[in-house]
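Take a look at the structure set out below.
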Amino acid sequence: MKKITLLFMMMLASTLVFAQTLPLDFEVPEDDAFEPFNGAAAAVVVDPTDAANSVLELIGNGAPFDGATVTMATYIDLSDDANNTITFEFWAPDATTRTHLLKLEGATNGPPQTELAFNSTMMGWQTISVDFTIPSLADDYPLMSIFPDFNNGEVGTYYIDDINGPNGAVVPVDPIPSTPSPLPTAPDAETYSIYNDTNGYSTIFPVAYSFGSLSGEPDLDPSAAENKALKFNFGVAGWGQGEGGPDDVTAYDFVSFDYWAGAGVVGFDFVMISNDGGVTEHKYQISIQEPIVNESWVKVEIPMSYFTDLGFSDTALFQWKVSPLNDSVDNDGIVYLDNVLLTQNSTLSINQFSQADFTVYPNPTQDVWNIKTTVNISSVKVYNLLGNLVLNQKVDANEAIISSEGLATGVYFVKIENEANYFKTVKVIKN
């Protein structure tokens, strides 16, 4: 058919995700893998000019950074200047000149991201072929993003077909949670939803734009129901959202979210950002303020006073983001995030764990820790300062004895959990 080839220029932008190998002709179910973001829509449909052909339909909503992303099964390799051409076919509804953007990112063997702005100038299919002329591009770009109405504020419907380019090595498979995150229990009247797709909360964060790199928004519920989560690849970057004007959230006393971290993730930063005469960022660090838990959904609840004590202005919520620990992509790994909420009351206060008494003794110890509670517990897990699980003991009682035999001298965190996945974390010391 028609072909479009694109030259990329190093810039800063958002994400598109493929999970396939080039070329993509959208004739097989696996090619229906583009995940839309910022209000765009993406789906494989029948070619409007050829009923025997399937194409990708991409509908923008007029936001500057709306589009769709795909995670490749094989990396896109732009390291060879003699073979660095990306091609695809592009259909526009009219002859108005519009600017679009195609972006690759996630590389570790060279510039981590590269992007190209291109124009559509005619109605129907266009063929464009542009080589990547930027020197020293990487050979391992796993993410591809397309922005249909880049920075032009228009709502447009476009079609894309026959995307081709140089393939590289196979992309390692990302870890995926075996279950979706638990459904929130916070009442609608007491909740301000920053990110949630299951409860239909009435008061929501008025998203105007996103920034950074998001690796997708997969549906983790295998049933007919839908329960999405935000997926982060901290080896690439963090990601966040902002609104047009600061929002007053003084009515809310707690910030909470659920996360699932892949094996090896050492931690990450959750950041609240206010704009009250100046933009300021305020971090809660998983692995610093509390230990990281890997390969399990964990609910984090933070008093709003924690952020306001750091200088966050709760009269002027402006942005929020999640970043690699200490903003370093060396602290890489895959993390899923869901149910980012502001609540008037503690979501943990509805269960008996919030009122329970916990005693751990002796502390420090040379041999065992005795744990006594006023409620039944299901497990006790011990983590070192790096967030590694070093002991996991099943319990079905309100007390337990934990042996420190085999553990090195130092500080540990004991996570005491019940069957409803509520937990309390206690710092302990081995002499």
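Only the coordinates and a few stated rules stand behind these numbers; no lab work does. Note that the coordinates shown come from a computational prediction; the quantities given were computed from them, not determined experimentally. All Cβ positions, glycine included, derive from the backbone under ideal geometry; neighbour counts span all protein chains shown.
For the chain, with only Lys/Arg (+1) and Asp/Glu (-1) charged at the beta-carbon, what is the dipole magnitude about the Cα centre, in debye rounded to 20? Working shown, then result.
Details: 16 positive and 56 negative charges, 259 e Å.
That gives the chain a dipole magnitude of about 1240 debye.
Between the range 278-333 and the range 44-93, the C-alpha centres lie 35 angstrom from each other. With each label modelled as a point 7 angstrom along the Cα→C-beta vector, the residue 130-residue 328 pair spans 3.7 nm. Looking at the range 188-287, the GluC sites (Glu not before Pro) that sit in a DSSP loop and have at most 16 other Cβ atoms within 10 Å of their own Cβ are 226.
Counting other Cβ atoms within 10 Å as a rough exposure proxy, the listed residues 377, 334 run 334, 377 from fewest neighbours to most. The distance between label points at residue 389 and residue 157 comes to 4.8 nm (points 7 Å beyond Cα on the Cα→Cβ vector).
To the nearest Å, what is the center-to-center distance of the range 126-157 and the range 402-431, using C-alpha atoms only? One Cα centre to the other: 49 Å.
The Rg/Rh ratio for the range 188-343, using Cα coordinates for both the radius of gyration and the Kirkwood hydrodynamic radius, is 0.94.
Determine, from the Cβ-Cβ distance of residue 426 and residue 61 and an R0 of 45 Å, the FRET efficiency 1/(1 + (r/R0)^6), rounded to the nearest 0.05. Walk me through the numbers on the way to the answer.
Values: r = 47 Å, r/R0 = 1.05.
Computed FRET efficiency for residue 426 and residue 61: 0.40.
Which order do the peptides 389-402, 135-148 take when ranked by the mean count of other beta-carbon atoms within 10 Å per residue, highest first? Can you show the working numbers first?
Numbers: 389-402: 14.4, 135-148: 23.1.
Ranked by mean Cβ neighbours within 10 Å, highest first: 135-148, 389-402.
When the chain is described by a simple charge dipole with +1 on each Lys and Arg Cβ and -1 on each Asp and Glu Cβ, the residue from 245, 153, 56 located farthest towards its positive end is 245.
Once you charge only the Cβ atoms, +1 for Lys and Arg and -1 for Asp and Glu, what is the size of the charge dipole of the range 173-271 about its Cα centre, to the nearest 20 debye?
Working: 2 positive and 14 negative charges, 66 e Å.
Value, rounded to 20: 320 debye.
Based on alpha-carbon atoms, the Kirkwood radius and the radius of gyration of the chain give Rg/Rh equal to 1.03. With the helix formula -39500 (n - 2.57) applied to DSSP H stretches of n ≥ 4, the chain reaches a computed 222 nm mean residue ellipticity of -500 deg cm²/dmol.
In this simple spin-label model, placing a label point 7 Å from the Cα along the Cα-to-Cβ direction at both residue 401 and residue 83 gives a separation of 6.6 nm. Place a point 7 Å from Cα of residue 21 in the direction of its Cβ. Which residues in the range 160-191 have their backbone N less than 12 Å from it? Taking a point 7 Å out along Cα→Cβ of residue 21, the residues of the range 160-191 whose backbone N falls under 12 Å are 167-171.
Which length gain, in nm to one decimal place, applies between residue 176 and residue 361 when the Cα-Cα distance is subtracted from 0.36 nm times their residue separation?
Values: separation 185, 0.36 × 185 = 66.60 nm, distance 3.75 nm.
In short, 62.9 nm is gained.
Each residue of the range 19-140 gets 114 Å³ once the volume of the Cα convex hull is shared out per residue.
Once the piece of chain linking residue 308 and residue 376 is laid out straight, how much longer is it, given 0.36 nm per residue of separation minus the C-alpha distance between them? It would help to have the intermediate numbers written out before the result.
Numbers: separation 68, 0.36 × 68 = 24.48 nm, distance 3.46 nm.
Fully extending the segment from residue 308 to residue 376 adds 21.0 nm.
In this entry, the range 352-430 is assigned a mean projected area of 4.6 nm², taken as a quarter of its C-alpha convex hull surface.
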